[in-house]
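Asks: Quick one: the structure is below, questions incoming.
The values are calculated or read from the model by the stated rules, or taken from the named source; none is laboratory data. If you're wondering where the values come from, they're calculated on a predicted model, not measured in any experiment. Cβ placement follows ideal geometry from the backbone for every residue including glycine, while neighbour counts extend to all protein chains displayed. Note: areas computed on protein heavy atoms with side chains; ligands, DNA, RNA excluded. Shrake-Rupley method; radii C 1.70, N 1.55, O 1.52, S 1.80 Å.
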Amino acid sequence: VEVAREEVKTSQDNAQIAQDNLNKAIQDSTNEFLKFKSESDMKIDNYEKTISAIKVKLEAEKKYNTKLNKKNLSDLEMKRAELKKTLAEYKREGRSDWAEFKYKLNNDINALDKSIANFFVDEKNNK
């Protein structure tokens, strides 16, 4: 009987350790997601400011009203809005889903960053 009690106690201890490890993993995952979301939100919000600065520069240079510049700016604004929406609507549903989402969103953010950085380079090439 004593051996059985010890085995039950050991099993209960092991179950508690496993539950504690699971809770820590969930908390770590949540913290990782919140950090990623915060950093991504900040980047996306900064793009709005950068796009506005591009508009101001184009207006100052009397180039804002060209069809190409309006379309390119509209495309940048649309991409930024899509990123913001994608991030806001994401529901975590598993570790592999999270990794795929994070990878894709990072790629999309990097693509927008490159498009913004190359805005005036592309403008010169399209003359």
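Asks: If you scan the range 1-36, which residues turn out to be open to solvent by 80 Å² or more (accessible area, probe 1.4 Å), among the β-branched types (Val, Ile, Thr) and at pLDDT 80 or above?
Replies: Listed by number, the residues that qualify are VAL3, ILE17.
Asks: Which residue is farthest from GLU48 (Cα to Cα), if the candidates are limited to the range 98-116 and must be surrounded by 11 or more Cβ atoms within 10 Å (Cβ to Cβ) and not hydrophobic (A, V, I, L, M, F, W, C)?
Replies: Result: GLU100.
Asks: Pick from the range 47-56 the residues that are touching a residue at least 40 places away in the same chain (Cβ under 8 Å) and not aromatic (Phe, Trp, Tyr): which of them is most open to solvent (accessible area, probe 1.4 Å)?
Replies: Per the criteria, the residue is THR50.
Asks: So which residues in the range 85-97 are modelled with pLDDT of 90 or more and surrounded by fewer than 15 Cβ atoms within 10 Å (Cβ to Cβ)?
Replies: The answer is LYS85, ALA88, GLU89.
Asks: For the structure I just gave you, tell me whether LEU22 is assigned to a helix (DSSP H, G or I) and over 12 Å from the mean Cα position of the chain (by Cα).
Replies: yes
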